[in-house]
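*Asks:* Once you've had a glance at the structure underneath, I'll fire off some questions.
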Amino acid sequence: MESYRLVPRISREDLDARMTELAGRINRDYAGREILVVGVLKGSYIFIADLTRKITVPLEVDFVRLSSYGSKSETCGEVRITKDVELPVRGRDILVVEDIVDTGLTLRWYLEHLRRFNPRSISVCALVDKIERRQVQIPLDYIGLRIEKGFLVGYGLDYSEKHRNLPGIFEVRFNE
Ligand code: 5GP
């Protein structure tokens, strides 16, 4: 594997403060309703664990795993579900929780797929909104952190399955 170093981008403490803000907004927006949180595996698993513990409206949690075709570093919009949600979606208020929105192609595909099952509403919460390579406009209702570019790891995000367990978020910088 290429040699690289990890540069700190956002600390565990700052992430915690962002989660509190996001959960506060979600609690206000969904007051009197019940949410079905649909977490997109695997990168969002820590984000979901932290965020849901700060949400006070009733919720259920389920997971979907998506596999995008294309090169390792760039998706091409052809997506396959390798693990589907198991709870019923019809008539529910869905909060899709994604790790990173990059080109937007994966999420666009999944939101179109989900709409076919007639949920009452769909909102999207992304830990990271990475804007430089966005190809399709996706309305993101809740955003943890917006960055221009860079490959991030930690807090659930991986590089070749490594570094998910880092408590904060780091940027991978490849050595020349
Ligand atoms: P998109 O279809 O929006 O281009 O792809 C988004 C997916 O690519 C994310 O769910 C994530 O799995 C992966 N991805 C994009 N950027 C990064 C990044 O900086 N770090 C990591 N670990 N994964 C990324």
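*Asks:* Hey, got a sec? Which chymotrypsin sites (Phe, Trp or Tyr not before Pro) in the stretch 69-176 land in a DSSP loop and have at most 15 other Cβ atoms within 10 Å? Don't skip to the answer; put the middle values down first.
*Replies:* Numbers: sites: Y69, W109, Y110, F117, Y142, F151, Y155, Y159, F170, F174; in loops: F117, Y155.
Qualifying residues, ordered by number: F117.
*Asks:* Still on this structure, I have one more. Can you tell me which aspartates and glutamates have their Cα less than 14 Å from the Cα of K162? Leave out same-chain residues fewer than eight positions away.
*Replies:* List returned: E2, E171.
*Asks:* If you take the charge dipole of the chain about its Cα centre, with +1 on Lys and Arg Cβ and -1 on Asp and Glu Cβ, which of P88, L36, F170 is farthest toward its positive end?
*Replies:* P88
*Asks:* Please give the Cα centre distance for the stretch 152-176 versus the stretch 3-49, rounded to the nearest Å.
*Replies:* Here the answer is 16 Å between Cα centres.
*Asks:* Moving on. Restrict the search to the stretch 72-158; then list the trypsin sites (Lys or Arg not before Pro) that DSSP places in a loop and that have at most 11 other Cβ atoms within 10 Å of their Cβ.
*Replies:* Details: sites: K72, R80, K83, R90, R92, R108, R115, R116, R120, K130, R133, R134, R146, K149; in loops: K72, R90, R92, R116, R120, R133, R134, K149.
Answer in residue order: K72, R90, R116, K149.
*Asks:* Quick check on the chain: helices-only [θ] at 222 nm, where DSSP H runs of length 4 and up contribute -39,500 (n - 2.57) each and the sum goes over total residues. Nearest 500, please. Provide the component values of the computation, followed by the final result.
*Replies:* Values: 3 runs with 39 residues, N = 176.
The helix-only estimate for the chain comes to -7000 deg cm²/dmol at 222 nm.
*Asks:* Please compute the alpha carbon radius of gyration of the stretch 7-70, then divide it by the globular-protein estimate 2.2 N^0.38 Å. Two decimals is fine.
*Replies:* Taking the Cα Rg and dividing by 2.2 N^0.38 Å, one obtains 1.27.
*Asks:* A further question on this structure: Reachable lysines from K83, Cα under 19 Å, same-chain residues fewer than 8 places away excluded?
*Replies:* K42
Any read-out appearing in this document is the output of simple, stated calculations on the displayed coordinates, not a laboratory observation. This structure is a prediction, so every number in the text was calculated from the model and none was measured. All Cβ positions, even for glycine, are placed from backbone atoms using ideal geometry, and neighbour counts span all protein chains on display.
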